[in-house]
Structure formats: structure tokens, C-alpha cells
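Peer 1: Quick one: the structure is below, and I'll ask about it shortly.
The values are calculated or read from the model by the stated rules, or taken from the named source; none is laboratory data. What you see is a predicted model, and the numbers here were worked out from it, not measured in a lab. Note that we place each Cβ from the backbone using ideal geometry, even for glycine, and neighbour counts take in every protein chain shown. What goes into the accessible areas is simple: the full protein's heavy atoms, side chains included, and nothing from ligands, DNA or RNA. Shrake-Rupley method; radii C 1.70, N 1.55, O 1.52, S 1.80 Å.
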Amino acid sequence: MKGMNDFSDIDAVRKFCDERAQHGRVAAVRDPNDLRGLKNHFIECVLQQAVFGEFSTGAAESVLDLGCGSGLFTEVLARRAKWVCGVDISPEMLRLAHVVSEPNALFSQFDGCRLPFADASFSTVVSREIVHLISDSVLEKLFRDVSRVLAPEGHCICVEFASFSEIRQG
């Protein structure tokens, strides 16, 4: 399956994300045309429910927010985890993320394939709405590295939206 936007390399994804960052912290990661914010709020609620429905009881030890964008969800994760690190390939998105004031939330830029962490660093890896942006070859390398930084018995939670037509097409 090709990425929805058919980005063949990380630089194209980075450019796309940097451009989206110009819309501000919320609209950058949601629908920039949602002027009243109702659709964006609904989407965020659905995503949080999907992710937290997968969390086991109690706080996660360490969480990697893969493709953290503007840090909105990293901030929410920080309230439920002992510590969380948001990573993104976009310096512009990370600029927006640095307003997060949770003391247990950190942010880091990465190259899109190699995560800058030691083996087994995280008990949970969360990925929301990034898989559709990435080509198969890059995605394979990225998730191989996710496996490396995920602790044994750890959990990887990926949430993507798909239209009914995309689901029917396979």
C-alpha cells in the first residue's frame, strides 16, 4: 500500500509537515479549514479514546509519541505516563510543540528512519495518523526501528483514519 499522499521520501513528508505547521498548533495536525474547531475537537476525542482504550490500567512507564507534530497529544500522554518523548521529522512542528509545559514531556527531531534512543527505551510507542504519509520502504525501516526501541512486553499502538472507499480497496 502506497502512502495516501504518495511521498516517496522523508524530505517530502518533512516539507508537507513544515507547511502544515504554518496553520497553528491545532489546525496543523487536523483540518485547517475547521474554523469553529468542532470537527477538530471531535477527531481529537476519537483518537484519544482509541489510544487510551488500548492502555493497560495505570500509567505507562515511558511513552514514545512517534510523529508528535505540534505536541498536542504528547501533552495529553504526559498526564498519563511517567515520562513521554515526542519525536517528529518537522522542525516547524517541533517549534509548535515546545509550548508544552508538562515537566515529563521531552521533544526531539529525528531523521524519519533511525530513532535517537537506546534499545528497549519505551514501554509504549504511540503513532497517530502518520502511516498514511509514508512510503512502504521508509515505513518498513521505521517500524523495524520502533521494534528496537520498544521494551520486551511493550505495546505499539497505531491509529489511522481511513475512508470507507479506502477500506474497500484493501
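Peer 1: Roughly what would the spin-label model give for R80 and D119, points 7 Å off Cα along C-beta, in nm?
Peer 2: Taking the two extended label points, one gets 3.0 nm.
Peer 1: Measuring with a 1.4 Å probe in the full set of protein chains, what accessible area per residue, in whole Å², belongs to the range 91-158?
Peer 2: 49
Peer 1: Would you mind computing, in nm to one decimal, how far apart the modelled labels at E153 and E102 are, each placed 7 Å from Cα along Cα→Cβ?
Peer 2: So the label points at E153 and E102 sit 2.4 nm apart.
Peer 1: Return the distance in nm (one decimal) between the two label points of a simple spin-label model at S137 and Q109, each offset 7 Å from Cα along Cα→Cβ.
Peer 2: According to this spin-label approximation, the distance is 2.4 nm.
Peer 1: Residue-wise, which Karplus ³J(HN,Hα) couplings in Hz belong to the range 61-78, taking 6.51 cos²θ - 1.76 cosθ + 1.60, θ = phi - 60°, and x for glycine or proline?
Peer 2: Working through the residues one at a time gives 5, 9, 10, 9, 9, 7, x, 5, x, 7, x, 4, 7, 4, 4, 5, 4, 4 Hz.
Peer 1: Viscosity 1.002 mPa s, temperature 20 °C: Stokes-Einstein D of the range 61-145 from its Kirkwood Cα radius, in µm² per second?
Peer 2: 167
Peer 1: Provide the solvent-accessible area of E160, counting protein heavy atoms only and rolling a 1.4 Å probe, rounded to the nearest 10 Å².
Peer 2: Probe radius 1.4 Å; accessible area of E160 about 70 Å².
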